[in-house]
Amino acid sequence: MNELGTTPEQGTVRLERLLPGPIERVWAYLTESDKRATWFASGVFDLRVGGKADLHFDHDKICSEQRPPDRPKDGKSDFPGTITRVEPPRLLAYTFGATNPESEVTFELELRGKYVLLVVTHRRLGNRTTMINVAGGWDAHVGILADRLNGVEPRPFWSTHARLKREYEARL
């Protein structure tokens, strides 16, 4: 299960990871700003169809690795989104960013004994370069989520993302 994500259809990246449960805990890390900020991005989610799903990235706060010198100084960015599906605690989907058409990310949670299968599917990605970047990003972020849920020091984001982008570039 810890292999690279897949591309089940054009413009789509899919990643599956087995995480320690319970499912409500994983759901909280997807939906609560303070918990989501520890592995991905903060921001308020109005958990209803049509509600806001605003993401505020600050990669300097998700791990102890120093930002590479070639990255923007503040390491921050904002992405507005809209909730498109919500079925607590098993499914969350929202639009991602201001592209046209907007891409959409879906999180599906399924119980597997004391574990939770997380499936992340990001659709409507415009081109190969974007798919490579998004696949590497999700893989790195979900790895940090797994570390947080396992109670261990989170892996480095920047170097992990760079390595994964190279792996996805060779694969996609």
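None of the figures in this text is laboratory data; all of them are computed from the coordinates on show. What you are looking at is a predicted structure, and each value in this text was computed from that prediction instead of being measured. Note that we place each Cβ from the backbone using ideal geometry, even for glycine, and neighbour counts take in every protein chain shown.
Go through segment 1-16 and give me each residue that's touching a Phe, Trp or Tyr at 6+ places or on another chain (Cβ under 8 Å), buried (at least 17 other Cβ atoms within 10 Å of the Cβ) and in a loop (DSSP other than H, G, I, E, B).
GLY5
Is it fair to say TYR168 is crowded, with 17+ Cβ neighbours inside 10 Å, in contact with a Phe, Trp or Tyr (Cβ under 8 Å, 6 or more places away or on another chain) and either more than 17 Å from GLU9 (Cα to Cα) or not aliphatic (A, V, I, L, M) (or both)?
Values: crowded, with 17+ Cβ neighbours inside 10 Å: yes; in contact with a Phe, Trp or Tyr (Cβ under 8 Å, 6 or more places away or on another chain): no; either more than 17 Å from GLU9 (Cα to Cα) or not aliphatic (A, V, I, L, M) (or both): yes.
No.
Going through segment 128-153 one residue at a time, which ones are assigned to a loop (DSSP other than H, G, I, E, B) and either crowded, with 20+ Cβ neighbours inside 10 Å or free of Cβ contacts under 8 Å to residues at least 24 places away in the same chain (or both)?
Step one: list which residues in segment 128-153 are assigned to a loop (DSSP other than H, G, I, E, B), which gives 151-153.
If the condition is that a residue be assigned to a loop (DSSP other than H, G, I, E, B) and either crowded, with 20+ Cβ neighbours inside 10 Å or free of Cβ contacts under 8 Å to residues at least 24 places away in the same chain (or both), then GLY151, VAL152 are the ones that fit.
Among the residues of segment 17-71, how many are within 21 Å of GLY151 (Cβ to Cβ), more than 15 Å from the chain's Cα centre (by Cα) and part of a strand (DSSP E or B)?
1
I need every pair where a residue in segment 31-50 that is over 20 Å from THR84 (Cβ atoms) has its Cβ under 9 Å from the Cβ of a residue that is in a helix (DSSP H, G or I) and among the aromatic types (Phe, Trp, Tyr), sequence separation at least 6 or different chains.
What qualifies is LYS35/TYR29; THR38/TYR29; TRP39/TYR29.
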